[in-house]
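Below: the structure, in structure tokens.
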Amino acid sequence: MSDPWHDFRLNPQIRPLQYSLTLRIDTKNNVFNGSVEMEVIAHKEVDYFVIHCGDNLTITDTRVYMNGTGDQLSIKQFLHYKPFEYFVIQLAKKSASNAYRLSFDFTSKIEINTNIGLYKASQSIGNTTTGVITTQFEPTRARNVFPCFDEPVFKSQFDLTLIHESIMNTTLTNMPTIDIHPDTPAPGWTTTTYKRTDPMPTYLLAIIVSDYVCHNASAQGHDYDIKVCSNHEVVSKLGYATQIAAKPLTMYEEYLGVKYSLPKLDLVTIPNFAGGMENWGLVITNEKSLLWTPDEYTSANKMFIAREVAHEFAHMWFGDLITCHFWDHLWLNEGFAEFMSYYGIDYIEPSWNY
């Protein structure tokens, strides 16, 4: 039997159920650190745990517990297998099929304008260049931010807490905020906790730490909140996106007979973002995909916004609610989202005969 870290795919007999993730994001020094505790179920005896961990991530502490009893298990060794970006834990002795908790502390740098993992996107506000923290995890960059089972087949729930500078007073993730503690853990810092997510793969987790402004785009008949957000400099150009945001959701719910299942949906523009990303409950796009005024932009720009909103919102069903087993079937996500977007655009602007 070969070593388990030589298999390109993770062991399907060991599956994550839930992550408790805390991140402290320092935008001044461009570093982040955090901790994650994941509940996993092993469907057979286990002597190794193999998970993903990006080369950029430094793991400073590793522990394994038996779930339920809380007994800590002895670790024989651990290693970072770089060819597949694996972090491997070998137990001191084989353990029975059971539920376990894997606990890690870690640290890393915040990169600038990479469109990968958790990074800082530069933005110009007047004569000043500032930055907004955002994420791009698809396809395999959640592992750059925390150790995880970074394959789409592994759906889990996430409990997320962000520790951030208080001046960055608009923090967004997949779910609504449930608790905010100013001046915690120190003056000038805020600790924000979010509602637990529905089961989803790691690549759909998303984070924004910013001072953005959000417009309400909710509509009658929707029992969830819809917001459209940007930085202060361009917020006046969100009018059209705010006006149309709820429309494709109404159409998809009627056509598919399945309600959008989360309590909120945010649509956020990030400078120089690479295209659009259908994070469940927090769609991120570039400025071309959301900003429009009749004096500055063409009708073609307006059509592009309608298409982008319709396409990314279709992913809330095709890709997010229902997710492909692995990346070789990504064409199903994109194919169905693109197909449905034509219905969405026609509902947004019937006169276009799109």
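What is the one condition in (1) in the same structural domain as R143 (by the TED database); (2) closer than 21 Å to Y203 by Cα; (3) in contact with a strand residue (DSSP E or B) (Cβ under 7 Å, 6 or more places away or on another chain) that P83 does not satisfy?
Status for P83: all satisfied but (3).
State all residues of segment 272-318 that are touching a Pro at 6+ places or on another chain (Cβ under 9 Å) and assigned to a loop (DSSP other than H, G, I, E, B); if no residue qualifies, say none.
Those that are touching a Pro at 6+ places or on another chain (Cβ under 9 Å) and assigned to a loop (DSSP other than H, G, I, E, B): G281, N286.
Test V268 against the stated conditions and say whether it is part of a strand (DSSP E or B) and hydrophobic (A, V, I, L, M, F, W, C).
yes
One residue is enough: does segment 67-81 have a residue meeting the conditions over 28 Å from I163 (Cα atoms), in contact (Cβ under 8 Å) with a residue 40 or more places away in the chain and of a type in the set (F, W, Y)?
Checked against the condition, which is being over 28 Å from I163 (Cα atoms), in contact (Cβ under 8 Å) with a residue 40 or more places away in the chain and of a type in the set (F, W, Y), segment 67-81 yields at least one hit.
In segment 320-354, which residue that is hydroxyl-bearing (S, T, Y) and farther than 18 Å from T140 by Cβ is least open to solvent (accessible area, probe 1.4 Å)?
Checking each candidate, the answer is S341.
Here is a yes/no grid of residues against (1) open to solvent by 40 Å² or more (accessible area, probe 1.4 Å); (2) aromatic (F, W, Y); (3) free of Cβ contacts under 8 Å to residues at least 40 places away in the same chain; (4) in contact with a helix residue (DSSP H, G or I) (Cβ under 6 Å, 6 or more places away or on another chain):
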residue	(1), (2), (3), (4)
D179	yes, no, yes, no
P185	yes, no, yes, no
T190	no, no, yes, no
K195	yes, no, no, no
M200	no, no, no, no
I208	no, no, no, no
Q220	yes, no, yes, no
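Listed here are the residues, each with its yes/no results for (1) under 20 Å from the mean Cα position of the chain (by Cα); (2) β-branched (V, I, T).
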residue	(1), (2)
T184	no, yes
Y194	yes, no
M200	yes, no
A217	no, no
I226	yes, yes
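Return only the number of the condition from (1) more than 16 Å from G344 (Cβ to Cβ); (2) at pLDDT 95 or above; (3) among the aliphatic types (A, V, I, L, M) that L290 does not satisfy.
Among (1) more than 16 Å from G344 (Cβ to Cβ); (2) at pLDDT 95 or above; (3) among the aliphatic types (A, V, I, L, M), L290 violates only (1).
Results for (1) touching a helix residue (DSSP H, G or I) at 6+ places or on another chain (Cβ under 7 Å); (2) among the hydrophobic types (A, V, I, L, M, F, W, C), shown as yes or no for each residue.
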site: T129; (1), (2): no, no
site: K155; (1), (2): no, no
site: F158; (1), (2): no, yes
site: L172; (1), (2): no, yes
site: P176; (1), (2): no, no
site: A217; (1), (2): yes, yes
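Given segment 14-122, what strands (runs of 3 or more DSSP E) lie entirely inside it while holding 3 or more residues that are open to solvent by 40 Å² or more (accessible area, probe 1.4 Å)?
Details: elements: 14-26, 31-42, 46-52, 58-66, 75-81, 86-95, 98-109.
The strands (runs of 3 or more DSSP E) meeting that bar are 14-26, 31-42, 58-66, 75-81, 86-95, 98-109.
Only one of V258, V235, V228 is open to solvent by less than 50 Å² (accessible area, probe 1.4 Å), touching a residue at least 24 places away in the same chain (Cβ under 8 Å) and of a type in the set (A, V, I, L, M); which?
Of the residues listed, the single one that is open to solvent by less than 50 Å² (accessible area, probe 1.4 Å), touching a residue at least 24 places away in the same chain (Cβ under 8 Å) and of a type in the set (A, V, I, L, M) is V228.
Just one of (1) farther than 16 Å from A310 by Cα; (2) in a strand (DSSP E or B) trips up S261, so point out which.
(2)
Do we have P201 as farther than 20 Å from W292 by Cβ, touching a Lys or Arg at 6+ places or on another chain (Cβ under 7 Å) and not assigned by the TED database to the domain that holds Y343 here?
When the stated conditions are applied, P201 passes them.
The values are calculated or read from the model by the stated rules, or taken from the named source; none is laboratory data. Because the structure is predicted, anything quoted here is derived from the model rather than measured. Quick reminder, even Gly has a Cβ in these numbers, built from the backbone with ideal geometry, and neighbours come from all protein chains shown. Accessible surface is based on the protein model in full, side chains and every heavy atom, while ligands, DNA and RNA are left aside. Shrake-Rupley method; radii C 1.70, N 1.55, O 1.52, S 1.80 Å.
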